[in-house]
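This report concerns only the one structure given below.
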Amino acid sequence: MGDKKAGKPGDDAKAGKAQKPQGAGKNGNGTKLSKSDYLERLQPMQVELNNLARWLQHSRKRLLVIVEGRDTAGKGGVISAISETLNPRQCRTVALGKPSEREQGEWYFQRYMTHLPSAGEVVLFDRSWYNRAGVEAVMGFCTPKQTDEFLHQAPLLERLLVEDGLLLFKYWLTVDQKRQEERFAERAQDPLKQWKLSPIDLEARQHYDDYGRARDRMLEHTHTKHAPWTLVDFNDQRRGRLTLIRHLLDHLPDVSVPEKALKFPPLKDGPKQERFDWKLKPIKSL
């Protein structure tokens, strides 16, 4: 949906070698982007995202965006930036919790399949089936055999999904441990963010290198031509969001679907004040 025609996801990817983080270097690690500059750059991208949503409805295509990364990387923030101006009936965010006892007895991917997009829909996975190659593997929530099976099956499953027409994008958000620690400390001190911290998050702080090795193994086995990974520098979250959204838009067809013109005639009798003829009344305003 950008300035240039783009091919299918993976046209520019080489199997087994993930792309370097987008947004790194002079622009990615330079001066931190101010909120006003960020919002000024985000607004036209959100207009493009709405154009994309109309194209998906028109073409009946299905879009799945997987957002992965370390704790505090900024997964929720970029998902909100994508979805906040889209129709919630068309765009869904999926953030599954711990599997139930019944789900633990199913094929690992089974509970994710019911959340895949239907025709014309966008689904954003805030973490995904890749939990098995990350937190579950590092923290001992699955066996090494289960991790091996996952790394074998995930590329096969994703090939089937893409061959069936699913538009699949996989993003890994990168963050240095120094910046991660700053964000953990902020969450611990902010009562509005403390819900983001869990005992697992605090324990995971001691496993930064282990998570890095698990990530590298995951990328080696699941970065394919049909479903490549794109790494995005999220040390500056605002810049990272813009970089990810720009990449997503530039790698989808640049097709404009005209918006239907809506007639908005004036009211016949002018605006009326809302009245309540029953005993219930609005509560007193602050």
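The values are calculated or read from the model by the stated rules, or taken from the named source; none is laboratory data. Please read these numbers as outputs of a predicted model, since none were measured by experiment. Methodologically, a virtual Cβ is constructed for each residue, glycine included, from the backbone with ideal geometry; neighbour enumeration extends over all protein chains shown. Just the protein is used for accessible areas: all its heavy atoms, side chains included, with ligands, DNA and RNA removed. Shrake-Rupley method; radii C 1.70, N 1.55, O 1.52, S 1.80 Å.
A few remarks follow.
- Among the residues of the stretch 107-139, the one identified as in contact with a Pro (Cβ under 7 Å, 6 or more places away or on another chain) and within 21 Å of Trp55 (Cα to Cα) is Val123.
- Per-region count, the stretch 209-238, residues touching a helix residue (DSSP H, G or I) at 6+ places or on another chain (Cβ under 6 Å) and exposed (fewer than 15 other Cβ atoms within 10 Å of the Cβ): 1
- Restricting the stretch 93-111 to residues that are surrounded by 16 or more Cβ atoms within 10 Å (Cβ to Cβ) and in contact with a strand residue (DSSP E or B) (Cβ under 9 Å, 6 or more places away or on another chain), the residue that is farthest from His152 (Cα to Cα): Thr93
- From Val232, Val255, residue being β-branched (Val, Ile, Thr) and more than 19 Å from the chain's Cα centre (by Cα): Val255
- Members of the stretch 103-132 found to be outside any loop (DSSP other than H, G, I, E, B) and not polar (S, T, N, Q), listed by number: Glu103, Arg111, Tyr112, Met113, Val122, Val123, Leu124, Phe125, Asp126, Trp129, Tyr130, Arg132
- When the stretch 244-280 is filtered for residues that are in contact with a helix residue (DSSP H, G or I) (Cβ under 8 Å, 6 or more places away or on another chain) and surrounded by fewer than 10 Cβ atoms within 10 Å (Cβ to Cβ), only Glu259 remains.
- Picking from residues in the stretch 197-207 that are within 22 Å of the chain's Cα centre (by Cα) and in contact (Cβ under 8 Å) with a residue 40 or more places away in the chain, the one that is surrounded by the fewest Cβ atoms within 10 Å (Cβ to Cβ) is Ile200.
- Flag for Leu33 being touching a strand residue (DSSP E or B) at 6+ places or on another chain (Cβ under 9 Å) and open to solvent by less than 40 Å² (accessible area, probe 1.4 Å): no
- Flag for Ala188 being without any contact (Cβ under 8 Å) to a residue 60 or more places away in the chain, open to solvent by less than 80 Å² (accessible area, probe 1.4 Å) and of a type in the set (A, V, I, L, M): yes
- All conditions but one from (1) open to solvent by less than 70 Å² (accessible area, probe 1.4 Å); (2) under 30 Å from Arg60 (Cβ atoms) apply to Asp164; the one that does not is (1).
- Arg183 farther than 30 Å from Glu48 by Cα, open to solvent by less than 50 Å² (accessible area, probe 1.4 Å) and either at pLDDT below 95 or touching a Ser or Thr at 6+ places or on another chain (Cβ under 6 Å) (or both): yes
- Candidates are the residues of the stretch 77-92 that are touching a residue at least 24 places away in the same chain (Cβ under 8 Å) and not in a loop (DSSP other than H, G, I, E, B); the one that is most open to solvent (accessible area, probe 1.4 Å) is Arg92.
- First in the stretch 222-242 and at pLDDT 95 or above and in a helix (DSSP H, G or I), second anywhere and open to solvent by less than 20 Å² (accessible area, probe 1.4 Å) and among the hydroxyl-bearing types (Ser, Thr, Tyr), Cβ under 8 Å, 6 or more apart: Thr222/Tyr130; Arg238/Tyr38; Arg239/Tyr38; Arg241/Tyr38; Leu242/Tyr38
- Test result for Glu136, surrounded by fewer than 17 Cβ atoms within 10 Å (Cβ to Cβ) and either part of a helix (DSSP H, G or I) or among the polar types (S, T, N, Q) (or both): no
- Meets criteria (within 30 Å of Gly165 (Cβ to Cβ) and open to solvent by 30 Å² or more (accessible area, probe 1.4 Å)) for Arg241: yes
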